[in-house]
Every structure is written in C-alpha cells, then in structure tokens.
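> I'd like to ask some things about the structure below.
The values are calculated or read from the model by the stated rules, or taken from the named source; none is laboratory data. Since the structure is predicted, the reported quantities are computational estimates derived from the model, not experimental observations. Here the Cβ positions follow ideal geometry from the backbone for every residue, glycine too, while neighbour counts run over all protein chains shown. These accessible areas exclude ligands, DNA and RNA; they are computed on the full protein's heavy atoms, side chains included. Shrake-Rupley method; radii C 1.70, N 1.55, O 1.52, S 1.80 Å.
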Amino acid sequence: MEMLTSLLTTLLLTARDVIPIAVILFGFQLGVLKRPIANLRQVVLGFVYVIIGLSLFLVGLELALFPIGESMAEQLTSPEFIHPEAGAHAPTVWQDYLWVYIFAAAIGFSTTIAEPSLIAVAIKANEVSAGAIGVQGLRISVAIGVSFGIALGCFRIVVGDPIHYYIMAGYVIVVIQTFYAPKLIVPLAYDSGGVTTSTVTVPLVAALGLGLATNVDGRNPLIDGFGLIAFASLFPMISVMGYAQIVDKLNKRRSLKEQEDAL
C-alpha cells in the first residue's frame, strides 16, 4: 500500500512537471505558428509514456539505487573499513582510500552510461552527423571523463586541497583543447559536461562526497563534501575532445597510408 501511494504521488508530481512543457509546446505551435500538430494522437500518447516512464524511473531510483549508493559510500569511507585492524582513530594517508577511488570511478562510469539525457544527446548527435559521431563512442568517452573526474574529486577530499586549483587547471586544459579539437565535436563536448549531472548521477555522487568528507578527519562535509558534481561536469569535456582528437589523428593517418599505398 505504501509503495502504491509513493508511485501515485510520484506520478502526480511528474505530471505536474511535464504538463507545463506540453502547454508551452502546444501553445507556440497553435498560438504563435498557427499550424496544426502533426500526429496529435501519437504526440499525446508520447507525453503519457513520458510521465509514466519517468514516474517508474524515479520510484525505482528511490527504492534501489539511492539506498544502496548511500550505504556503499558510508561503508567504504568508514574508518573501520579503512583500518580494520588498527581501529577507528588510526592515522590515514591518501593511499588508504584506494577502494574509495575505485568505487567512485566505477559508479561514475556506470551511472553516466545509464543517464537518459546522455543517451538522447548521443542519438541526436549520431543522426545530425550522419553517423560520423558514434552513439556508443560518445557515451563511453563521456563516462570515462566522469569516472576519472569523480575519482580525482574523492582524492581531493582526502588530501584536503582547495577545489578551485583543480577546476582552474581543468578549464585551462579545456580551453587549450578547444583550439586543437575538431570543430564538429567542440560544442557537443561542452554540452556533454551538462548532461552527465542528471537524475542518476547526482544523488549517488553527492552521497559519496558527503560520506567521504564526514569520515575523513579534518574535513568539513559542507565545504569538502560537495564539489564532486563540478568534476563530473568538467572532465567529460576533456575526454570527449580528447577522444575526437585521437579519432581524427587515426583517420588522417589511415588516409595518408591509403594514399601512399595507391602510389
């Protein structure tokens, strides 16, 4: 009964959030463009599917991913796990949190691959580029960036470095890459940083950061626990442009070799 109530509540809240979008779209189509909506029945049915799908998705996250993510973050960062023999008050160094870095990288990669917004962007990029941008290639390159970024963010929390040093250095790399990466991929790389911080990734990453900052001596959860999302947004831009640069160089090398073989 409780689960049914939660599902109905989520359904109503999702409908409340989606209906204004439909009103704006229909309003502009009918009121501003003054043109009928093609396949109206199909469009309305699509909105119904969106509401039902999002509701089930959110309830599933609440029942499964959020609790286990918070539990894993709390257990992996607890002093008892870091030092099972020495006790809770033993001194720690950054190497002691190896499993935290591995878990952060794994959870960053897996949640990014599952992000609906990233899937949608990858599909559209593939369509617009006539297949030049692969769906799986883009998703994996973004996931690698998020994976590395969250692991590095956890390292920053453990050592206690100021976050702005990492962010400034990261954006310097992004600016430099912007001049050398293929122009086709630059806008998409910038957008890839935003689509990673969505429904699946944010709650799990935030729970990991807060759990880590709470259990590391000398860290303030409010100051040090947040900021992982910034890493998850920054490093996908680097990895996507890096992936495009590698592919571009390989293609040029292949073309050059084909020309030499033809001669």
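> Please work out the average accessible area per residue across the range 93-261, using the 1.4 Å probe convention, and give it in Å².
Per-residue accessible area for the range 93-261 comes out at 50 Å².
> Between their Cα atoms, which of Lys124/Lys257; Lys124/Lys183; Lys183/Lys249 are more than 22 Å away from each other? Could the numbers behind the result be given before it?
Details: Lys124/Lys257 32 Å; Lys124/Lys183 17 Å; Lys183/Lys249 14 Å.
Table pairs above 22 Å Cα-Cα are Lys124/Lys257.
> Which order do the peptides 28-37, 54-63, 244-253 take when ranked by the mean count of other beta-carbon atoms within 10 Å per residue, highest first?
Details: 28-37: 10.2, 54-63: 15.6, 244-253: 13.3.
Ranked from most to least packed, the peptides come out as 54-63, 244-253, 28-37.
> Just tell me which aspartates and glutamates come within less than 15 Å, Cα to Cα, of Lys252; anything on the same chain fewer than 8 places away is out.
Output for Lys252: Glu260, Asp261.
> If you take the charge dipole of the chain about its Cα centre, with +1 on Lys and Arg Cβ and -1 on Asp and Glu Cβ, which of Phe26, Tyr97, Val48 is farthest toward its positive end?
Phe26
> In addition: Please report the carbon-and-sulfur percent of the accessible area for the range 17-68; probe 1.4 Å, protein heavy atoms only, DNA, RNA and ligands left out.
Roughly 76 percent of what the probe reaches on the range 17-68 is carbon or sulfur.
> Also: What are the DSSP H helices in the chain that stretch 24 Å or more along their long axis, judged by alpha-carbon atoms, and whose average Kyte-Doolittle hydropathy comes to at least 1.0?
Within the chain the helices that satisfy the rule are 2-27, 40-60, 135-159, 163-180.
> With Cβ to Cβ distances under 12 Å as the rule, what net charge do the other residues near Asn215 carry (K, R +1; D, E -1)?
So the surrounding residues net to -4.
> Work through the residues other than Thr199 whose Cβ is under 15 Å from its Cβ and net out their charges, Lys, Arg +1 and Asp, Glu -1.
-3
> Could you work out the relative contact order of the chain, using alpha carbon pairs under 8 angstrom and six or more residues apart, expressed as a whole percent?
Computed over the chain, the figure is 21 percent.
> From the protein chains alone at 1.4 Å, what is the descending order of accessible area for Tyr171, Tyr165, largest first?
Ranked list, largest accessible area first: Tyr165, Tyr171.
> Once you have all Cα-Cα distances for the range 1-51, histogram them in 5 Å bins from zero and send the whole-percent values.
5, 19, 21, 21, 14, 9, 6, 4, 2, 0
> Based on DSSP H runs of at least 4 residues, each adding -39500 (n - 2.57), what is the mean residue ellipticity at 222 nm of the chain after dividing by all its residues, to the nearest 500 deg cm²/dmol?
On the way: 12 runs with 198 residues, N = 263.
Dividing the helical sum by the residues of the chain leaves -25000 deg cm²/dmol.
> Let me ask you something else. Given the range 93-261, what whole percent of its Cα pairs are spread farther than 23 Å?
More than 23 Å apart: 42 percent of the Cα pairs in the range 93-261.
> If we count every other residue with Cβ under 13 angstrom of Arg253's Cβ, Lys/Arg +1 and Asp/Glu -1, where does the sum land?
Charge balance near Arg253 sits at 0.
> If the only charges are +1 at each Lys and Arg Cβ and -1 at each Asp and Glu Cβ, what is the size of the charge dipole of the range 150-263 around the Cα centre, to the nearest 20 debye?
For this selection, approximately 180 debye.
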